[in-house]
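This report refers to the structure that appears directly beneath it.
The values are calculated or read from the model by the stated rules, or taken from the named source; none is laboratory data. What you see is a predicted model, and the numbers here were worked out from it, not measured in a lab. Note that each Cβ is placed from the backbone with ideal geometry, even for glycine, and that neighbours are counted across all protein chains shown. Accessible surface is based on the protein model in full, side chains and every heavy atom, while ligands, DNA and RNA are left aside. Shrake-Rupley method; radii C 1.70, N 1.55, O 1.52, S 1.80 Å.
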Amino acid sequence: MKKKDKIRLMVPLALLALSLGACSLTKSSTSTSKSSSQTSQTSTKTDTTKYFTDRDQDASYDEASATKITLSGSSAKSSGSGATVDGSTVTITAAGTYVISGTSKNVQIVVKAGDQDKVQIVLNGVTMTGTDAAIVVENADKTFLTLAEGSKNSISDSASHKNTDYDAAIYSKDDLTLNGSGSLTVEGNYGNAIESNDDLRITGGTYTIKGYKNGLSANDALNIKDATLNITATEDALHADNDDDTSLGNLYIQSGTITINAGDDGMHASNIALIDGGTIKVEKSEEALEGKTVTINGGDLDLTSNDDGINASDGSSSEGGNAPGQASYGVSLTITGGKIKVNANGDGLDSNGDLTISGGEVYVDGPTDGGNGALDYDGNGTITGGTVMIVGSNGMAMGFGSNSSQASILTNVSGSAGSKVTITDSSGKEILSYTAAKSFQSVLASSADMKDGETYTITVNGQSTTATASLSTQSGNGMGGGPGGNPGGNGGPRG
């Protein structure tokens, strides 16, 4: 949740628990390690047929039978059927394939086809600049923008649109799919870079996207696979949001390589945010990943945020909504696989409902201030599998709840940036190790090697403390602070 939406009372943990009820590896990893440059592929747990059709993924076309449109200056020439040129406007009125090449200024391509028509626009060495949107889909069943193999394409608008209804460099009222193997640079200097009022799908190609507002924006669904995207946005980089239908506003990432620098959310969905794979690096954001239900089944995620790293919220936690600690119905954060690194100044993993981890690797460098927690949930917090190493402040430290079937430890132990945290069992065998990216005062850890009731040694910079693993490392309805002053009641000296 946004910092301005939180109500945090900085009082001792025991008093806060009474008044609010809840705030509710590999064996060696470092928080400074770089993400793999290769796409992280996993066994997709999702039926992708509802996210991508065969046609979405088919970038082939017959150039010999296609209509050719050649851009030149402030006008264009067309050879073939289905497209007309009137001054600086090229209008496509029928289903078919249209191959576009050349350079233009203030030429606009407008699709006005039938409700059942599928239109394929092939960009083959296109440079389009202008005041308003360069490509507008006013009507079609679906439009495909295909990047021709080996082609380099560039589209940009200005900061001063004459037609403000089309507030993107590429704007579609209907379904829009981008595919192919070429490259495309899009600068949306007025609003969004690429926008669809329905579904926006990307199934191939290399993209450099810059949005004055959002980078990629869709009302209904934003689905991505097999593409390389570098996105910079003043607001959200990936934005799926529907105010009228709460079942829409969904984000799905199946694969690809995505790099994000965002002024607001790196990835935002008003409903479902589902990630099955891909290599995703959020270098800058307020919140790196946000949705009502957030599910991560795979992928390699490296997420940096000024506020929450991953946030499951339906917006009810804002002013006038749910009180802090009151779980929101239908809100959840679920991790079943993948490798996830979070560096957050706000909450690291934050769910206004339930939080469940059943697999994968999760590493969190949480906040250094006591007003946020590296782990924060308002419903049930459960771990049944996977590897978890979470470090952060101890003011709002939380562990996992009693529904867990995998043991964890939660203890107060301090370190600074670059400190190595090592956890060993009673025989001296290393269970986990991690190098922190910034200072911390608490450690929450869990792995399949940890056993309920057994004692583990946590060593930081040569200083050691012990903790007993438990299936429940929370107390006081999710608040840390057990006997001995350590979350979970583990006692022992601070390192």
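Numbers below:
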quantity	calculated
Region 356-410-region 196-210 distance, computed between alpha-carbon centres (Å)	34
Rounded to the nearest 10 Å², the accessible area of Arg55 at probe 1.4 Å	90
Check: region 67-285 dipole with +1 on Lys, Arg Cβ and -1 on Asp, Glu Cβ, in debye	1080
Inverse of mean 1/r across different Cα pairs in region 90-158, Kirkwood, Å	12.2
Nonlocal Lys pairs with alpha-carbon distance under 16 Å, region 67-285 (8 or more apart, or different chains)	11
19 Å cut-off, amide nitrogen to a point 7 angstrom out along Asp141 Cα→Cβ, residues in region 80-107	82-83, 92-98
Net charge over other residues, Cβ less than 13 angstrom from the Cβ of Thr293 (K, R count +1; D, E count -1)	-2
Zero-based 10 Å bins, Cα pair distances in region 348-421, whole percents	19, 55, 25, 2
Rounded Å value of the spacing that divides the Cα centres of region 436-465 and region 324-354	21
Summed side-chain charge close to Tyr212 - residues other than Tyr212 whose Cβ falls under 10 Å, Lys, Arg +1, Asp, Glu -1	-2
For region 67-285, convex hull of alpha carbons as volume per residue, Å³	101
